1. With the requirement that a residue be assigned to a helix (DSSP H, G or I), among the small types (Gly, Ala, Ser) and under 21 Å from SER253 (Cα atoms), what does segment 164-205 give you?
2. Residues of segment 255-265 being in contact with a helix residue (DSSP H, G or I) (Cβ under 9 Å, 6 or more places away or on another chain) and open to solvent by 80 Å² or more (accessible area, probe 1.4 Å), which ones?
3. For segment 235-254, name all the residues that are open to solvent by less than 60 Å² (accessible area, probe 1.4 Å) and free of Cβ contacts under 8 Å to residues at least 60 places away in the same chain.
4. Looking only at segment 201-218, how many residues end up being among the aliphatic types (A, V, I, L, M) and in contact (Cβ under 8 Å) with a residue 40 or more places away in the chain?
5. Considering only segment 47-102, give the helices (runs of 4 or more DSSP H) lying wholly within it that have at least 1 residues that are under 18 Å from the mean Cα position of the chain (by Cα) and among the polar types (S, T, N, Q).
6. Take ARG132 and decide whether it is more than 10 Å from the chain's Cα centre (by Cα) and open to solvent by 40 Å² or more (accessible area, probe 1.4 Å).
7. Determine whether ILE197 is more than 15 Å from the chain's Cα centre (by Cα), among the β-branched types (Val, Ile, Thr) and open to solvent by less than 70 Å² (accessible area, probe 1.4 Å).
8. For ALA154, are the conditions met, namely being of a type in the set (A, V, I, L, M), in a loop (DSSP other than H, G, I, E, B) and open to solvent by 40 Å² or more (accessible area, probe 1.4 Å)?
Amino acid sequence: MSVVNGDDGEKNKFDLYLDREYVDPYNISFLYKLPDIETNFNHTLVPATLENSIKMSNLVKYLCLEPYDAVAPEFFMKKFFPKQLLMVGSAAYQNNGTRIIGTAEGGLKISLFEINNLDVTNIETLNALYFRTIYHEFSHILHQNVDFSSDFDAITETTYVGDSWNESWTAANPSNAAGYISNYASKEATEDFVELIAHYITSSTSTWDDIIAAAGDTGGPIITQKMELVKKYLQTTWSINIDDLRDEIQTRSANLNDQDLDNIN
């Protein structure tokens, strides 16, 4: 904790809103003023604008917290969801030309970047830049509390590629044909497991069917087999029906344009 306090101690209207909508019901700290001790000094970062921070707070509540509340046991989110959400205005650029759009630390904090480029009209961009990261990291917390069956690991245990996941797949040899929902899923079983959750709940039924079809006669059945174990785990361990969760998220996504994301009253 920093011994330097630059805060004047007064809470603005948004701070009071966050107390009411995040701290009180979920014990989550929504950090939008870019406290430097919460970021990596190796990156030059820009704070998130107040306007986009407000929109993002409403988006997270609408597309993540409330959907899980609708299908999960009481107090589930307050107990297990990460306790800090950090908003960063810019991306974190690496020396090799790549950029970081999201990070997670020890099940405690999720950092979301590029908030100043927020486009609330495009659900695919929202999922790609922010929400699959949130769902992915939250799912890690669940299996770290209660592990999933080793039967999942065994399905493709001989084809995980470790840290070379970003170099191992080509157009002629795609990862989905080997039974992975994304290239990153091929890193290891735990990443495979949470990537399936993140992609499943952000895909409509027809989109998911297309994904399975595109994976081919070999990859499609493997992904489906893995998904059955994911569904069983969430239902038996956490009393969460992932299809109900997906329906809730998909319905809200379809109605996103009707939401007043600037409202903090």
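1. ALA198, the sole residue that qualifies.
2. ASP260, ASP262, ASN265
3. If the condition is that a residue be open to solvent by less than 60 Å² (accessible area, probe 1.4 Å) and free of Cβ contacts under 8 Å to residues at least 60 places away in the same chain, then ILE242, ASP243, ARG246, GLN250 are the ones that fit.
4. 1
5. Helices (runs of 4 or more DSSP H) meeting the threshold: 50-60.
6. no
7. For ILE197, the condition - more than 15 Å from the chain's Cα centre (by Cα), among the β-branched types (Val, Ile, Thr) and open to solvent by less than 70 Å² (accessible area, probe 1.4 Å) - is not met.
8. No; evaluated as a whole, the condition is false for this residue.
The values are calculated or read from the model by the stated rules, or taken from the named source; none is laboratory data. Computed from a predicted structure; not experimentally measured. Virtual Cβ from ideal backbone geometry, glycine too; neighbours counted across all protein chains shown. Note: accessible area is taken over every heavy atom of the protein model, side chains too, but ligands, DNA and RNA are not part of it. Shrake-Rupley method; radii C 1.70, N 1.55, O 1.52, S 1.80 Å.
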